[in-house]
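Report on the structure given below.
The values are calculated or read from the model by the stated rules, or taken from the named source; none is laboratory data. Just so it is clear, the model here is predicted, and its values are computed rather than measured. Neighbour counts run over all protein chains shown; Cβ positions are idealised from the backbone, glycine included. Side chains included, ligands, DNA and RNA excluded: accessible areas come from the protein's heavy atoms. Shrake-Rupley method; radii C 1.70, N 1.55, O 1.52, S 1.80 Å.
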There are 2 protein chains.
Amino acid sequence: MDVTEADLPAHDSSDCKAVNAVLGRVGDKWSVLIISRLGDRTLRFNELKREVGGISQRMLTLTLRGLERDGLVTRTVFATVPPRVEYELTALGHSLREPVDALARWALEHQPEIAAANRLYDQRSQRS
Amino acid sequence: MDVTEADLPAHDSSDCKAVNAVLGRVGDKWSVLIISRLGDRTLRFNELKREVGGISQRMLTLTLRGLERDGLVTRTVFATVPPRVEYELTALGHSLREPVDALARWALEHQPEIAAANRLYDQRSQRS
DNA sequence: GGAGATGGTCACATGGACGTAACCGAGGCA
DNA sequence: TGCCTCGGTTACGTCCATGTGACCATCTCC
């Protein structure tokens, strides 16, 4: 049987676009970190900022807006003073953690091989 | 028990770097497409260029170099004339397909939800 | 009265990602 | 002689993502 077509997950252009959109999100360092932090509990804007560490206010806002737009997090404003805004993973956001964690596990598992390949490659290119 | 630490896949900074390196690769549109194309058979440079479609020669070279450096593909030069160069997934490269395909499957599966969330978000922000 | 926290927005700068096009060297072919 | 293919490399330009720092309004606390 011909599996060459069947086991490519994204083959037509519309599928490809959807996959690339998700891949773009996942390729984004901040999105992944935020989803990871939001995994166990809801966090407020500045809590998130402190927890993630190193993210600028602007990027946090932008990233959260993107995640919200994709239906991965919910934003809840409490009209207290000072204002309080809580971010929480949606069910969709939680379900994304599974494949992302799988990828992270792969990265950790194969990190030594990648590092070794890097060293080998750099050694060779230096020799030339 | 306290699982808040245990089930975060990347927590210390070195792990985080490794994960981000892989996430960067995966977030790269071309890398994923190339790995996908190389999944079933080895391809030559221009075959790959034609198969992927829309990639510039420069980006193909750069992306392949990156993948080679990470030990995901092998580059084999045949000293024929005209020269022939074949690219092939390594075992490591093949193993990466599994989590990446999982992510792609997630994307396809949840594409309608994401699209719906997008529409809803855009509607709301337009109303404001 | 002034500073700080909260959750942003806006203007600006900059670096890196990416595309475009030219060039290359060896050989086949007309 | 000159053009084509293959598999690049290099120079150059452009655009977008991201960081920086200022500003805002409101309330509390010192």
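Helical runs (DSSP H, four residues minimum) scored at -39500 (n - 2.57) apiece and divided by the length of chain A put the mean residue ellipticity at 222 nm at -22000 deg cm²/dmol.
The C-alpha atoms of chain B define a longest principal axis, and helix B:91-127 lies at about 40 degrees to it. The mean sequence separation of alpha-carbon pairs under 8 Å and at least six residues apart, normalised by the residue count of chain A, gives a relative contact order of 20 percent.
Positive-end ranking of A:GLN57, A:LEU72, A:LEU23 along the dipole of the range A:23-77, with charges on Cβ about the Cα centre, is headed by A:GLN57.
Scalar couplings 3J(HN,Hα) for the range B:52-64, obtained by applying the Karplus form with A = 6.51, B = -1.76, C = 1.60 to θ = phi - 60°, are 5, x, x, 8, 7, 4, 4, 5, 4, 4, 4, 5, 5 Hz; x denotes Gly and Pro. Across the identical copies, the label point of B:MET59 (7 Å from Cα in the Cβ direction) is separated from its matches by 2.3 nm, in order from shortest.
Here the accessible area of the protein assembly as shown is 52 percent carbon and sulfur, with a 1.4 angstrom probe and all protein chains present.
The lysine pair tally for the protein assembly as shown, using Cα distances under 16 Å and a gap of 8 or more places or different chains, is 5. For B:GLU88, the distances from its label point to the matching points in the remaining copies are 5.3 nm, ordered from shortest, with each point set 7 Å beyond Cα toward Cβ.
Both chains summed, the buried accessible area for A and B stands near 4300 Å², from protein heavy atoms and a 1.4 Å probe.
When B:VAL77 is represented by a point 7 angstrom out along its Cα-to-C-beta vector, the spacings to that point in the other copies are 6.1 nm, nearest first. With all protein chains kept in place, the per residue accessible area of the range B:10-127 amounts to 54 square angstrom at a probe of 1.4 angstrom. The range B:91-128 and the range B:5-80 have Cα centres separated by 20 Å. Put simply, the amide H of B:ARG44, placed in the peptide plane, has neighbours under 5 Å in B:TYR87, leaving out anything fewer than 5 places away on its chain.
Note on chain B: with a GNM built from Cα contacts shorter than 10 Å, the maximum mean-square fluctuation among B:ASP28, B:ASP101, B:ASP12 falls on B:ASP12. If you build a Gaussian network model of chain A, linking Cα atoms that sit under 10 Å apart, which residue out of A:GLY93, A:GLY39, A:GLY54 swings the most? Looking only at A:GLY93, A:GLY39, A:GLY54, the biggest GNM fluctuation is shown by A:GLY54. Relative to its Kirkwood radius, the Cα radius of gyration of chain B gives an Rg/Rh of 1.10.
Counting Cβ atoms of other protein chains within 10 Å of each residue's Cβ and taking the mean over peptide A:14-26 gives 6.
Peptide A:118-124 is shielded by partner chain Cβ atoms: per residue, an average of 2 of them sit within 10 Å of its Cβ.
Equivalent-ellipsoid semi-axes for the range B:38-95 (Cα gyration tensor, √(5λ), whole Å, largest first): 17, 14, 11.
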